[in-house]
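Read through the structure below, which is laid out as structure tokens, and then see the notes.
The values are calculated or read from the model by the stated rules, or taken from the named source; none is laboratory data. Small disclaimer: the values here were computed from a predicted structure and weren't measured. As a convention, Cβ positions derive from the backbone with ideal geometry for all residues, glycine included, and neighbour counts pool all protein chains shown.
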Amino acid sequence: MSSTTQGSMRAPERSEALRANIKKFYIYVVLLLIVAVFSVVKLGQVEMFGRGHFLSPDSIVNLLRIAVPIMTVSGAFTLLMISGYIDLSVGSAMSLSAVVFAWMILNGFAFLPAFVITMALGVVLGLLNGALVMRLRITPVIATLVTLNLFKGIALLIVPHGLSGIKGSAAQPMPAWINNYARQDVLIGLPLAFFVALLVIAILVVVQREMILGKYSVAIGGNRIAAELSGINVVKYVWLLYIIVGTFAALAGMARASYMSLGDPLSGDGMETDCIIAVLLGGTAFTGGEGSVAKTIIGALIIMCVTTGLMTVIPAYWQTVAKGSVLLVAVALNHVLVRGKAQA
């Protein structure tokens, strides 16, 4: 066999190896580039950066604090998308949970019962989504688009007429300790909610890499029919993934309510978009079958860096356009990097 023929045979292998290396490391390069760009921008206009620039300790701590909700929910969202399904109601589930949690705190509930009830609410919301998708066999996008509006509507109904959220008043103040979970320093300036989010991420990374649920998610997303023929109970495991997403959306809602000291029925708006961007940036195939919880968290940090950084350089109405552009880039990158495997 001639050297020319051998070279032509090795070219596809080199191309595939290059694609694999880019796919493995590009998310970290993107994060470093974004941090580098915003580090040279004047950030004094934004209160959270008032004490220094983007890489100052105070700025990093504040960035991590506001990143807690997306860090909490995006890992579970990743496992669901790896299985080939999606939940567009995650932001509304978070908002409803924030409203319910704040209402209970305002009306005299102690933290523990309020926490347990709100987590149970998240389970119920996940059960509903799972029932619509897996039992009634409604397309996931349609089913969760319906529950997106349903959950948001319920949250708005709970808020008293004329108010923007569940919050204290002169006659009935919100107890100051509501802030303890997401604002009170526990270690290196970070609150308990941040370390709970880290624990959630660690658990989900182990689930994805070592446990049956993670392996079955890949199998279902790769080929649902083959997964069913191999004996996997697809309905059971996807339903469980919807419950997990709903549960962690409730946990994220409590963190948001604690951070804001109120229950805002719109506080989760856009969370579904942020999760999708983070998941796609992390290399999860939109059609399912592969992905990484750990890389999704890097994608989530990229989203938070972009969101907070853009606050300093462009008007508010342009920020949505910019975030949409990031989503477009994420979809394009995901298509290019995943396409090679799909065509193999």
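Go over the candidates 74, 97 one by one and state the one that is buried (at least 22 other Cβ atoms within 10 Å of the Cβ), over 29 Å from residue 333 (Cα atoms), under 23 Å from the mean Cα position of the chain (by Cα) and at pLDDT 75 or above. I'd like the intermediate steps shown before the answer.
Values: 74 fails: over 29 Å from residue 333 (Cα atoms).
Exactly one residue qualifies, and that residue is 97.
I'm told residue 182 meets every condition in (1) surrounded by 14 or more Cβ atoms within 10 Å (Cβ to Cβ); (2) more than 22 Å from residue 96 (Cβ to Cβ) except one. Can you identify the failing condition by its number?
(2)
Among the numbered conditions (1) buried (at least 24 other Cβ atoms within 10 Å of the Cβ); (2) more than 22 Å from residue 295 (Cα to Cα), tell me where residue 59 comes up short.
Tallying (1) buried (at least 24 other Cβ atoms within 10 Å of the Cβ); (2) more than 22 Å from residue 295 (Cα to Cα), residue 59 fails exactly one: (1).
Across segment 120-177, what is the total count of residues that are in a loop (DSSP other than H, G, I, E, B), over 13 Å from residue 263 (Cβ atoms) and of a type in the set (S, T, N, Q)? Before the answer, list the steps.
Looking only at segment 120-177, we keep the residues that are in a loop (DSSP other than H, G, I, E, B), and these are 136-139, 159-165, 167-175.
Those still in the list that are over 13 Å from residue 263 (Cβ atoms) too: 136-139, 161-162, 169-173, 175.
The next check asks that each one be of a type in the set (S, T, N, Q); those that pass are 139, 169, 172.
Of the residues in that region, 3 qualify.
Select from segment 77-90 the residues that are among the aromatic types (Phe, Trp, Tyr) and either assigned to a helix (DSSP H, G or I) or surrounded by fewer than 24 Cβ atoms within 10 Å (Cβ to Cβ) (or both) and list them in ascending order. Even if it seems obvious, please write down each step before you answer.
Keep residues of segment 77-90 that are among the aromatic types (Phe, Trp, Tyr), which gives 77, 85.
Of everything in segment 77-90, just one residue is among the aromatic types (Phe, Trp, Tyr) and either assigned to a helix (DSSP H, G or I) or surrounded by fewer than 24 Cβ atoms within 10 Å (Cβ to Cβ) (or both), namely 77.
Is there a residue in segment 101-108 that is within 22 Å of the chain's Cα centre (by Cα) and more than 23 Å from residue 174 (Cα to Cα)? Outline the logic, then answer.
The initial filter retains those residues of segment 101-108 that are within 22 Å of the chain's Cα centre (by Cα), namely 101-102.
In the following step, the residues that additionally are more than 23 Å from residue 174 (Cα to Cα) were identified as none.
Checked segment 101-108: no residue is within 22 Å of the chain's Cα centre (by Cα) and more than 23 Å from residue 174 (Cα to Cα).
What helices (runs of 4 or more DSSP H) lie completely within segment 219-290 and have 2 or more residues being buried (at least 24 other Cβ atoms within 10 Å of the Cβ)?
234-260, 271-281
Output yes when any residue across segment 221-239 is aliphatic (A, V, I, L, M), out of contact with any strand residue (DSSP E or B) (no Cβ under 7 Å at 6 or more places or on another chain) and closer than 27 Å to residue 191 by Cβ, and no when none is.
no
Name the pairs whose Cβ atoms lie under 9 Å apart, with the first residue in segment 322-344 and surrounded by fewer than 17 Cβ atoms within 10 Å (Cβ to Cβ), the second outside any helix (DSSP H, G or I) and modelled with pLDDT under 75, and 6 or more positions between them or separate chains?
Pairs that qualify, where the first residue is surrounded by fewer than 17 Cβ atoms within 10 Å (Cβ to Cβ) and the partner is outside any helix (DSSP H, G or I) and modelled with pLDDT under 75, are 322/314.
Only residues that are of a type in the set (A, V, I, L, M, F, W, C) and closer than 13 Å to residue 241 by Cβ: list them for segment 124-141, please.
Passing the criteria: 127, 133, 134.
Working only within segment 110-143, note down all residues that are crowded, with 17+ Cβ neighbours inside 10 Å and under 25 Å from residue 196 (Cβ atoms).
111, 114, 115, 118, 119, 121, 122, 125, 126, 128, 129, 130
Would you call residue 250 small (Gly, Ala, Ser) and modelled with pLDDT of 95 or more?
yes
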